[in-house]
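Structure, as structure tokens:
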Amino acid sequence: MSDALTREPALLEVSDLGVEFSADRHRVLRAVDGVSFDIGPREIVGLVGESGCGKTTTGNAIVGLVPVAQGSITFDGKPIALQSAAQQRQFRREVQMVFQDPMGSLNPRLPVGDAILETLYVHRVHLGLATRRSRQSRAAELLERVGLGSDFIPRYPHELSGGQRQRVGIARALAVRPRLLIADEPVSALDVSIQVQILNLLKDLSKELSFACLFVAHDLAVVRYMCDRTLVMYLGEVVEEAPSDILFRTPSHPYTRALLSAVPDVDKGLAARHGEGSRIVLRGEVPSRLEPVPGCPFHPRCPEATERCHTERPGYATVKDDHLARCHFTG
Amino acid sequence: MPTRPNAKPTRAPLLDVKGLTVGFRSGREETIVVHDLSFQICEGETVALVGESGCGKSVTALTLARLLPEPPAFHPAGVVVFRGREVLQMSRAELRTIRGGQIAYVFQDPATALNPVFRIGFQLEEAICAHRRRVNARKEAVRLLSLVGLSDAEACLRCYPHELSGGMQQRVVIAMALACQPKLLVADEPTTALDVTIQAQILDLLKSLQAELGMAVLMITHNLGLVADVAHRLNVMYAGSLVESGLVEDVLTSPAHPYTRGLLDVVPRLGGTLERMEGIEGVVPSPGNRPAGCPFAPRCKHAGDACRRQMPSPQSTSGVGHQVCCYHPLEHAT
């Protein structure tokens, strides 16, 4: 998709990814349809969209939590489908996940220190840490990295606040020194004053430990704050992709524009009081994924749809440089 | 945009909450979760109650129509005057006339607000018949559903809740709340469970309904962007106390309380510069561990000895009706 030659070789390349679920005996639900993108080393890429758009499924497909129906995923230049068992183990170590609900992703019966060390055992990297003391000090070091002290080692998840639990989730993911972190809505369960702490933590760690991040979220303002590049998904497709500052300043796809305009924002709300700016309110709802929409998947809700959009599916068009949009009327 | 209400209400307020304190008993232990809260809502205006989770905003909302089970809930102090009558002293029969009839609620999760085993039509007609006599309930149900923008109202009446999307369910819940032409609609995070494009639809709907029906709205939310969009006046709560109140323009453009300032600084914005934001250090105290004095003092950069001793009382600032509970209110060069 984007011109890989101008950047460092990509760490992760996803091309034409498709994921299908069988809905019942006769019908298939295409959750992800022809998604392609890449992530450079140390790059933070945002994947944003409404619920059901396939953003979480895309993340899950990369780590192998759901089977891939179509397309290929290449990590560090090697297609993961063709890897040997040992290479796959290494891939699973180098790609780690942070989930939305830190209470649900931590074992309630495992103290925090053990939860972090478990990752080391699973990936057999604890062997360098022969003694109990050395393992404990590694756990303490990881907890300090995420802003918690070693006194958290014996504590259980229920003793922690939401923000602290999410820090533990991050420490656990970083325990095996991943090169790519997939963060699936890591702050949407947290209060706003805690959100920023976690976002700053992830940003800083990504620089210090130089890992890349696929940041899956529905909150556009959070994605703008976090990500170098942003992909907007709708109905299983990426409809727009651009460096974040360009995407949020000059969105090109009608869906992105509507999405940006729908987000309640302090500055926008105050401006609207003086009669400035108006909101694009989309009609209708996201259509069912079981009945494929002919033409452009967005046309039933698009305020700018024409005859052509009803029949012809748009391909990617370059708006400018590395700004791509999947609409007949861009570029 | 909603029309601007007068800054100084000339009539008596629709709802007047004074010094409200709400707590919960568990065994011999008493935990106070709302402290000495005062605010007013006038007819036809939208007032927002803003705060993070656990600040007591939902408890306040539920107390307005005494929806919390008592015990464990109790109110050791304060009055809630709704249209000249004291809600905290009302008998059960009196409460029944205002619940749903004059104060209606819309909650966060429409899926749990609707009964999954009954059709929409039955549930909506039940709400209509609860307070109104001599109406054709079926006809009224159809009218309400078209009022909230459900085009095929007849078909919708025959649906079960699970057959509708989240946005449609919330429209049904709003229709149900409007069934008895309430004077006050309490909307507790009405769009938090919805996607942004649907949220925009529901907010527009609430705004237009309010203009059309002239009811007052108490909007409970944690989202300051949403407040800027829909509300006339704003009350900011922290750890059970009201810390700042005033017109939305005043509070959001020149916040006087360090907590309000902090909240505004930590919300990622869609426009403007992308500087690094610094979060508010520390965490919200749990109701059982509320510090003495100002609850925000342990996290506040400006806190002094007085702040740790006694909760500051509300004082006026430059804006009309703009009040702040702080010994060191922030100054603004305006």
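The values are calculated or read from the model by the stated rules, or taken from the named source; none is laboratory data. Remember, predicted model here, so these are calculated numbers, not experimental data. Cβ placement follows ideal geometry from the backbone for every residue including glycine, while neighbour counts extend to all protein chains displayed. To get the accessible areas, we keep the full protein, side chains included, count just its heavy atoms, and leave off ligands, DNA and RNA. Shrake-Rupley method; radii C 1.70, N 1.55, O 1.52, S 1.80 Å.
Numbers for the structure displayed
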| read-out | value |
| --- | --- |
| Every residue from the stretch B:316-326 that is outside any strand (DSSP E or B), open to solvent by less than 90 Å² (accessible area, probe 1.4 Å) and at negative phi | B:317, B:319, B:320, B:322, B:325, B:326 |
| Tabulated pairs, the stretch B:273-291, first facing another protein chain (nearest Cβ under 7 Å), second open to solvent by 40 Å² or more (accessible area, probe 1.4 Å) and of a type in the set (Asp, Glu), C-beta under 9 angstrom, 6+ apart or interchain | B:274/A:245; B:277/B:265; B:279/B:265; B:280/B:265 |
| Among (1) part of a helix (DSSP H, G or I); (2) open to solvent by 20 Å² or more (accessible area, probe 1.4 Å); (3) of a type outside the set (A, V, I, L, M), the one test that residue B:108 misses | (1) |
| Any hit, the stretch B:90-105, residues being surrounded by 21 or more Cβ atoms within 10 Å (Cβ to Cβ), in contact (Cβ under 8 Å) with a residue 40 or more places away in the chain, in contact with a Gly (Cβ under 7 Å, 6 or more places away or on another chain) and not hydrophobic (A, V, I, L, M, F, W, C) | no |
| Selection within the stretch A:158-173 - over 19 Å from residue B:286 (Cα atoms) and open to solvent by 10 Å² or more (accessible area, probe 1.4 Å) | A:167, A:172 |
| Counted residues, the stretch B:196-212 - those being at the interface with chain A (Cβ under 9 Å from one of its Cβ atoms), over 24 Å from residue B:59 (Cα atoms) and either in contact with a helix residue (DSSP H, G or I) (Cβ under 8 Å, 6 or more places away or on another chain) or aliphatic (A, V, I, L, M) (or both) | 5 |
| Helices (runs of 4 or more DSSP H) within the stretch A:153-231 that include 1 or more residues farther than 24 Å from residue B:222 by Cα and more than 13 Å from chain B (Cβ to nearest Cβ) | A:162-174, A:192-208 |
| Test: residue in the stretch B:213-221 that is within 26 Å of residue A:147 (Cβ to Cβ), in contact (Cβ under 8 Å) with a residue 12 or more places away in the chain and either surrounded by 17 or more Cβ atoms within 10 Å (Cβ to Cβ) or at the interface with another protein chain (Cβ under 9 Å from one of its Cβ atoms) (or both) | no |
| Scope the stretch A:7-29; condition in contact with a strand residue (DSSP E or B) (Cβ under 8 Å, 6 or more places away or on another chain) and not aliphatic (A, V, I, L, M); matching residues | A:13, A:15, A:16, A:18, A:20, A:21, A:22 |
| Residue check for residue A:192: open to solvent by less than 10 Å² (accessible area, probe 1.4 Å) and over 18 Å from the mean Cα position of the chain (by Cα) | no |
| Residues (part of a helix (DSSP H, G or I), open to solvent by 10 Å² or more (accessible area, probe 1.4 Å), hydrophobic (A, V, I, L, M, F, W, C) and at the interface with chain B (Cβ under 7 Å from one of its Cβ atoms)) located in the stretch A:247-280 | A:248, A:260, A:270, A:272 |
| Residue A:286 being more than 26 Å from residue A:45 (Cα to Cα), in contact (Cβ under 8 Å) with a residue 12 or more places away in the chain, surrounded by 13 or more Cβ atoms within 10 Å (Cβ to Cβ) and of a type in the set (A, V, I, L, M, F, W, C) | no |
| Selection within the stretch A:212-246 - β-branched (Val, Ile, Thr) and open to solvent by less than 10 Å² (accessible area, probe 1.4 Å) | A:216, A:222, A:223, A:230, A:232, A:238, A:239 |
| Members of the stretch B:154-163 found to be touching a Lys or Arg at 6+ places or on another chain (Cβ under 8 Å) and open to solvent by less than 40 Å² (accessible area, probe 1.4 Å), listed by number | B:157, B:159 |
| Test: residue A:146 is closer than 20 Å to residue A:214 by Cβ, of a type in the set (Val, Ile, Thr) and either surrounded by fewer than 16 Cβ atoms within 10 Å (Cβ to Cβ) or in contact with a strand residue (DSSP E or B) (Cβ under 6 Å, 6 or more places away or on another chain) (or both) | no |
| Enumeration of residues in the stretch B:304-326 that are of a type in the set (A, V, I, L, M) and modelled with pLDDT under 85 | B:320 |
| Residue count for the stretch B:40-76, restricted to those that are open to solvent by less than 40 Å² (accessible area, probe 1.4 Å) and either acidic (Asp, Glu) or part of a strand (DSSP E or B) (or both) | 10 |
| Pairs where the first residue, in the stretch A:131-148, is β-branched (Val, Ile, Thr) and the second is in a helix (DSSP H, G or I), C-beta under 8 Å, 6+ apart | A:146/A:167; A:146/A:168; A:146/A:170; A:146/A:171; A:146/A:174; A:146/A:201; A:146/A:205 |
| Residue ID - nearest to residue B:126 (Cα to Cα), chosen from residues in the stretch B:164-212 that are open to solvent by less than 20 Å² (accessible area, probe 1.4 Å) and of a type in the set (Ser, Thr, Tyr) | B:191 |
| Out of A:155, A:132, A:124, sole residue that is out of contact with any Asp or Glu (no Cβ under 7 Å at 6 or more places or on another chain), of a type in the set (D, E, K, R) and surrounded by 15 or more Cβ atoms within 10 Å (Cβ to Cβ) | A:155 |
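To keep it simple, each residue is scored yes or no on (1) closer than 15 Å to residue B:178 by Cα; (2) not in a helix (DSSP H, G or I).
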| position | (1), (2) |
| --- | --- |
| B:112 | no, no |
| B:115 | no, yes |
| B:123 | yes, no |
| B:126 | yes, no |
| B:129 | yes, no |
| B:141 | yes, no |
| B:144 | yes, no |
| B:149 | yes, yes |
